[in-house]
Amino acid sequence: MASEAPLAGPFDSAHCVHCGLCVPSCPTFVVTGLESESPRGRVWLLERLAAGDIPADPDAVRYIDDCLDCRACEEVCPAHVPVGHYVERFRAAHPEWLSRGERDTARWVDRFLGSEAGLRAFGAAARFSRTPAGGWMVRQATRLVPGLPTGALDLAQGLPDEQAGGLSRDRIRTRPAGTGDGPVVMQFLGCVMDSVFAATNVRTHDVLRAAGFRVVAPAAQRCCGALSVHTGDPAPARAWAKANIEAFEASEAEAVAVNAAGCGAALKEYPDLLREEGPAWVARAERFARAVRDVSELLEAGSFPVLPPRAETVTMHDACHLAHAQGIRQPPRALLERAGYRLVEMPDADRCCGSAGVYNLTHPEMARALQALKVADIPETADVVATGNPGCQLQIQAGLRRAGRSVPVRHTVDLLWQALADAGRLPEDVREEAGRRGT
């Protein structure tokens, strides 16, 4: 039912001049061609809703909530209008207008990602879903279990074939931090990376050490909170942010190494997330945010070696929160070339693939349309797709499998690790472990 009351929450769009430069950059506009599905249309709707000029009915709210929060519009906006942040604040201020799928997904996020026990259960469920029996159960569960997102079945098809048992922290804590006088970095383990992509996290630790860093991974760190913020539930994210800041301060590291684009963007925005916690927390959050670096930035600036040429041709998908939110595009490409890979560019490499946090769970139809566009853009000459975000990896891999294409999607760090391994340049303890395993 429509509400006649103006929408609450912080919103000031006075600096938006409605020029329209943002419109063609918006993935939902690309799919639909509707002005209301563009950033300019969403800002106009938010203005009218905030002023009480139009009723807050499901039609108006749906167009706002369809936003992927990919930040592509923010990157091209000459007035720097933070449309993605406005949508996040709208969701937090008006949970009554969230879809049931978003409310249910928020509960699942808190349940699985909010504790180490939840992460272990999440990782175990992901591994089981890749078995024939597990795949059948996922199909039944999405049909029968109330609150389980229907998009979970699509997402499960993108899970990696290689999934190590347990969490990445279980293996990383047994590895040496590194030797020498290189910079000390805190490896941010994340949640999906720590569980579903545990092997990539371990390889990140190996590659950082191979590049001369000393790496620590404090056990006290928590989920970055990005998925909670995206689903309109910032309260747990604030608690986790404080824990992560405290873990960093106790580690005495010089930088925070992050291998998930969404996490990196969220960590850099902790000052805004903790704005209501007082100036002391904001100051600590600002120090923390200044230390956050994507792993590709650290490796490019560090001592990653030039390796022999390789046969594989790689195409790069630019994760939204790496390219648009953090402005990082060239470091991953430079590293892959340094590792010996041949690169072929993908058209619209920085257009959202439809993952967008949990968007592919809460908005499966739009997510699938964007997924199809992304798969169609992947060059036929590419042997592998590289990306720096786990959600993108799952989404694109699922789309390729659905399209009958056998192209693997790999994290950039996995490709760097393989090149180092083939060149005999990994740390000695890693080489010994590989020898014991026969790999």
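What about Ala280, is it part of a loop (DSSP other than H, G, I, E, B), surrounded by fewer than 19 Cβ atoms within 10 Å (Cβ to Cβ) and over 21 Å from the mean Cα position of the chain (by Cα)?
On the way: part of a loop (DSSP other than H, G, I, E, B): no; surrounded by fewer than 19 Cβ atoms within 10 Å (Cβ to Cβ): yes; over 21 Å from the mean Cα position of the chain (by Cα): yes.
The answer is no for Ala280.
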Selection from segment 327-356 of residues that are surrounded by 24 or more Cβ atoms within 10 Å (Cβ to Cβ) and closer than 22 Å to Cys224 by Cβ
Pro332, Cys352, Cys353, Gly354, Ser355, Ala356
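Within segment 161-169, identify whether any single residue is buried (at least 18 other Cβ atoms within 10 Å of the Cβ), part of a helix (DSSP H, G or I) and within 16 Å of the chain's Cα centre (by Cα), and answer yes or no. Please lay out each step first, then the result.
Within segment 161-169, the first condition is being buried (at least 18 other Cβ atoms within 10 Å of the Cβ), and the residues that meet it are 163-164, 167-169.
Those still in the list that are part of a helix (DSSP H, G or I) too: 168-169.
Subsequent filtering for residues that are within 16 Å of the chain's Cα centre (by Cα) retains none.
Looking through segment 161-169, none of the residues is buried (at least 18 other Cβ atoms within 10 Å of the Cβ), part of a helix (DSSP H, G or I) and within 16 Å of the chain's Cα centre (by Cα).
Can you confirm whether segment 226-244 contains a residue that is under 20 Å from Val192 (Cα atoms), part of a helix (DSSP H, G or I) and among the basic types (Lys, Arg)?
Yes, segment 226-244 contains at least one residue that is under 20 Å from Val192 (Cα atoms), part of a helix (DSSP H, G or I) and among the basic types (Lys, Arg).
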In this structure, does Arg333 turn out to be part of a strand (DSSP E or B) and either among the basic types (Lys, Arg) or in the same structural domain as Phe248 (by TED's automatic domain parsing) (or both)?
no
Restricting segment 1-59 to residues that are out of contact with any Ser or Thr (no Cβ under 7 Å at 6 or more places or on another chain) and among the aromatic types (Phe, Trp, Tyr), which is modelled with the lowest pLDDT?
Phe11
Any residue at all in segment 37-51 that's of a type in the set (A, V, I, L, M, F, W, C), touching a Leu at 6+ places or on another chain (Cβ under 6 Å), crowded, with 16+ Cβ neighbours inside 10 Å and touching a residue at least 12 places away in the same chain (Cβ under 8 Å)?
yes
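Please give the helices (runs of 4 or more DSSP H) falling wholly within segment 351-439 in which 1 or more residues are outside the structural domain of Leu34 (by TED's automatic domain parsing) and over 30 Å from Val61 (Cβ atoms). I'd like the intermediate steps shown before the answer.
Numbers: elements: 359-362, 364-377, 390-402, 412-422, 428-437.
Those helices (runs of 4 or more DSSP H) span 364-377, 390-402, 412-422, 428-437.
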Filter segment 402-416 down to the residues that are in contact (Cβ under 8 Å) with a residue 40 or more places away in the chain and more than 22 Å from Thr204 (Cα to Cα) and list them by number.
Arg402
Test each condition in (1) crowded, with 24+ Cβ neighbours inside 10 Å; (2) in contact with a Pro (Cβ under 7 Å, 6 or more places away or on another chain); (3) in a helix (DSSP H, G or I) for Met186 and report the one that comes out false.
(3)
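When the residues of segment 310-367 are filtered to those that are of a type in the set (Asp, Glu), more than 17 Å from the chain's Cα centre (by Cα) and over 21 Å from Ala419 (Cβ atoms), which remaining residue is modelled with the highest pLDDT?
Of segment 310-367, the ones of a type in the set (Asp, Glu) are 312, 318, 337, 345, 348, 350, 365.
Remaining after also requiring more than 17 Å from the chain's Cα centre (by Cα): 312, 337, 345, 348, 365.
If we keep only those that are over 21 Å from Ala419 (Cβ atoms) as well, we get 348, 365.
Values: Asp348: 97, Glu365: 92.
Checked segment 310-367; the qualifying residue modelled with the highest pLDDT is Asp348.
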So if I check each of Asp294, Asp318, which one is in contact with a Lys or Arg (Cβ under 7 Å, 6 or more places away or on another chain) and either among the basic types (Lys, Arg) or surrounded by 23 or more Cβ atoms within 10 Å (Cβ to Cβ) (or both)?
Asp318
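The values are calculated or read from the model by the stated rules, or taken from the named source; none is laboratory data. Remember, it's a predicted structure, so these values are computed and weren't measured experimentally. Ideal geometry is used to build each Cβ from the backbone, glycine not excepted, and the neighbour counts take in all protein chains shown.
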